[in-house]
Structure formats: C-alpha cells, structure tokens
Amino acid sequence: MNYLVTGGAGYIGSHMVKVLQEHNHDVTVIDNLSTGFRDLISDCEIINIDIRDKSLVDKTLSKRNYNGVFHFAAKSIVNESFKMPDEYRKNNVEGTMNLIDSMKKYEINNLIFSSSAAVYGNSYNKIIRETDNLNPSNPYGKTKVESENIISNYCEAKDLRAISFRYFNAAGAHPSGTIGEKHEPETHLIPNLIKSIINNQYNFELYGGKDNLTNDGTCVRDYIHVSDIVNAHYIGMKKIQNLKPYNVFNIGSGKGYSIMEVISGVEAVTNKKIDYKHSEERQNEPSYLVADISKIKNQLEWSIEYNTIESIIETAWNWHRK
Ligand SMILES: NC(=O)c1ccc[n+]([C@@H]2O[C@H](COP(=O)([O-])OP(=O)(O)OC[C@H]3O[C@@H](n4cnc5c(N)ncnc54)[C@H](O)[C@@H]3O)[C@@H](O)[C@H]2O)c1
C-alpha cells in the first residue's frame, strides 16, 4: 500500500513511518521540519512543504494513488499556544482543512487524525470517556476540537472515512533505540527527567504544581508508549472500511501516574537520584487526565504492549543514552 504521513519527521510520525516500512508499505512524508528532524526517517520520500500551502498540498496528493493518510502535522506546545493562538489555529485547523480538501479532490478516502486528550480539559479526577464533554483549557486543545469537527462533517457529507485518536501522554522510544522522543524545546516530563540525569542538572524544575487534588498533590497523567500509539493507527487504518465513517478513540494506558511516581520510575530504571524543585503551576493545567480505553480495546481489538511506566521509561532511557 501507499501511505502519506504528514508530520512524519516528528516524534510520533517517525515511529509511524518505521512501522509502515516494517510492514513493507510505501511511505511518503510531508513535513515542513518546523519541529521535526530529517534524521528520524530514512528510505522514504520526504516532501518539505507546509500543509497550509494549498497548491503544494494539491500537487503532492495528485502525484500518487495514496491508500490513506496519517495526519500528525501540528504545533503542539501548550504554553506556546497561549502566546500565539492564531498561529496555532492557522497551522492546525486550516492545515487540516487544506489536507482533507485535497484528499477529496484526489479521491483519497481514508484518514487517521492525531487528536489529543487536550480536547477534554480538566476531568476532575474522573476517568475520561470519548462521550464526555469537550472543554479544552488551552488554544492548542481548541484547535484539536475544531479539526475533529471539520473531519466529522466531511465524513457525514462526503465519502471520507476517518478516525480521530485522542492520545493521552505519548512517551518512550522505538525498541531498537534508533529513534525516540526529540522535541526542541522539550516540554515533556520523561525526556526532561532523563536529560537532567544525563546533563547532571541540579534543581530540576517541576511545573504542574503540588496543590492538586491527587494523592501526592502533583498532576496525574496517563502515559502510553509511542509504539502502542502507532500500532493502534496501523490497526485503525486496516479496519477503517469496517467501521462507521467517523470514529473517535482514546489512546492511553487507562492508568494514571503522578509526577512524583514518574520521578520514582525514572530513578528506578536509571538507578540515579533526581534533584528537583517545584515551580509555579502552569496556566490552566488539568490536574488529572486518565483515559477510559474500553472502546478502542473492544472495537479495534487493540492491546497494550508496554504495560508499566518502567517499561516505557526503559525504552526512552535506552534511546537518550545513545
Ligand atoms: N506527543 C504527545 O504526547 C501528543 C499527545 C497528544 C496529541 N499529540 C499530537 O500528535 C501529533 C504528533 O505529535 P509529536 O509529539 O510527534 O509532535 P512533533 O512536533 O514531534 O511532530 C509534528 C511534526 O509536524 C510537522 N509540522 C508541524 N506543522 C506543520 C505544517 N504546517 N506543515 C508541515 N509539517 C508540519 C513538524 O515539523 C513535526 O515534524 C500532533 O498532532 C500532536 O498534536 C501528541
């Protein structure tokens, strides 16, 4: 099969490219390399364009008969989205519109979209179901709600089939250790904890507060291994013709870990002590985000390979050390 991966030079997209190649599919990547890295992918065509550029997107999609599109390209730094909400909307929402307009034009009918748990906002210590209210607490989450709505409308009106996967916290690296989480700047907890060990950094700053209604007062998140995420995409694309035209699934582990528990996990895996201090809470940071994953397990028959936070951290540690 021929697949197009937008944002394929990014963290999760590059793992998708690798899995598709492992299954002997042909992959083309669209990426403007704004936050991605060319060295995360190999053996495929990389088209360096911006998904906001309609004519270049048209030109790219007209060239091959793609069987489907995996759409990862987006800006996704929550704090930055408060500073430049318009830029986030243009990039994530208008970019998505361009892409699906072009897909329709060239009769490419299967789409998998990277959505986010950020669509829900604060769940106030309840496990989150796909049917829960959408109440994003930041501009980034709003762009994902808007994109989902556009995709859903297309599926109703035209002949598009799509899945929006709402990921909770992606983490870990490919088991081969050849690719892993590479963001610049890095805002995610596990890579930053590991980097603080590698760089002998003292007084690691912990954002997210210590006054939440959780057991130890720090935010609770649901961490899911990047390989489990892209595996869900692979299964989703294979089954897309047998599902309703539009579907939404959470992808998480169904388990929550507080920041303090993640620190303990990193310390256990690396056998090093982390020296940290608490910093001010981030703006509108939900205290608890944990997924109900019964829908994806039942409907896609997806299962999790990396079941513990330690097994996820182990792959990240393996990659960062290299
Ligand atoms: N990492 C997470 O924990 C997480 C959680 C929930 C949702 N997501 C979503 O998953 C997707 C991938 O996230 P990631 O962590 O791999 O991010 P990333 O920044 O590593 O990857 C995004 C890629 O898209 C490219 N890109 C961005 N805007 C583009 C544009 N206008 N045109 C062309 N290419 C563009 C970037 O260069 C980058 O390679 C994003 O849509 C993100 O919102 C990520």
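Number of residues in the stretch 150-173 that are away from the ligand (no atom under 16 Å from the Cβ), at pLDDT 95 or above and over 15 Å from THR96 (Cβ atoms) equals 1. Just one of (1) under 18 Å from ILE224 (Cα atoms); (2) out of contact with any Phe, Trp or Tyr (no Cβ under 9 Å at 6 or more places or on another chain); (3) not hydrophobic (A, V, I, L, M, F, W, C) fails for LYS158. It is (1).
Taking the criterion of being near the ligand (Cβ under 7 Å from one of its atoms) and not acidic (Asp, Glu), the residues of the stretch 23-36 that qualify are ILE30, ASN32, LEU33, SER34, THR35, GLY36. Among the residues of the stretch 43-55, those that are open to solvent by 70 Å² or more (accessible area, probe 1.4 Å) and not in a helix (DSSP H, G or I) comprise ASP43, GLU45, ASN48, ARG52. Could we say that LYS75 is in a loop (DSSP other than H, G, I, E, B) and near the ligand (Cβ under 9 Å from one of its atoms) here? Yes. Filter the stretch 58-92 for residues that are of a type in the set (A, V, I, L, M, F, W, C) and within 22 Å of ILE229 (Cβ to Cβ) and give the result. Matches in the stretch 58-92: VAL69, PHE70, PHE72, ALA73, ALA74, ILE77, VAL78. Selection of the stretch 6-42 for residues being touching a strand residue (DSSP E or B) at 6+ places or on another chain (Cβ under 8 Å) and either open to solvent by 50 Å² or more (accessible area, probe 1.4 Å) or assigned to a loop (DSSP other than H, G, I, E, B) (or both) yields GLY7, GLY8, ALA9, GLN21, HIS25, ASP26, ASP31, ARG38, ILE41.
Here's the yes/no breakdown for (1) over 16 Å from ASN2 (Cα atoms); (2) of a type in the set (Phe, Trp, Tyr):
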{"position": "VAL17", "(1), (2)": "no, no"}
{"position": "LEU20", "(1), (2)": "no, no"}
{"position": "SER34", "(1), (2)": "yes, no"}
{"position": "ARG52", "(1), (2)": "yes, no"}
{"position": "VAL57", "(1), (2)": "yes, no"}
{"position": "ARG64", "(1), (2)": "no, no"}
{"position": "ASN67", "(1), (2)": "no, no"}
{"position": "PHE70", "(1), (2)": "no, yes"}
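Identify, please: which residue in the stretch 56-72 is among the charged types (D, E, K, R) and either within 22 Å of the chain's Cα centre (by Cα) or open to solvent by 60 Å² or more (accessible area, probe 1.4 Å) (or both) and is, among those, nearest to the ligand (Cβ to nearest atom)? Going through the qualifying residues, I end up with LYS59. Among the criteria (1) in contact (Cβ under 8 Å) with a residue 12 or more places away in the chain; (2) away from the ligand (no atom under 11 Å from the Cβ); (3) outside the structural domain of TYR276 (by TED's automatic domain parsing), the one SER147 does not fulfil is (2). Which residue, of ILE100, ILE51, ILE108, is modelled with pLDDT of 95 or more, within 8 Å of the ligand (Cβ to nearest atom) and among the β-branched types (Val, Ile, Thr)? From the options ILE100, ILE51, ILE108, the qualifying one is ILE51.
The values are calculated or read from the model by the stated rules, or taken from the named source; none is laboratory data. As the structure is a computational prediction, the values presented were derived from the model and not from experiment. With ideal geometry, Cβ positions are generated from the backbone for all residues, glycine too; neighbour counts draw on all protein chains shown. For the accessible areas, the whole protein counts, side chains as well, though only heavy atoms, and no ligand, DNA or RNA atoms are used. Shrake-Rupley method; radii C 1.70, N 1.55, O 1.52, S 1.80 Å.
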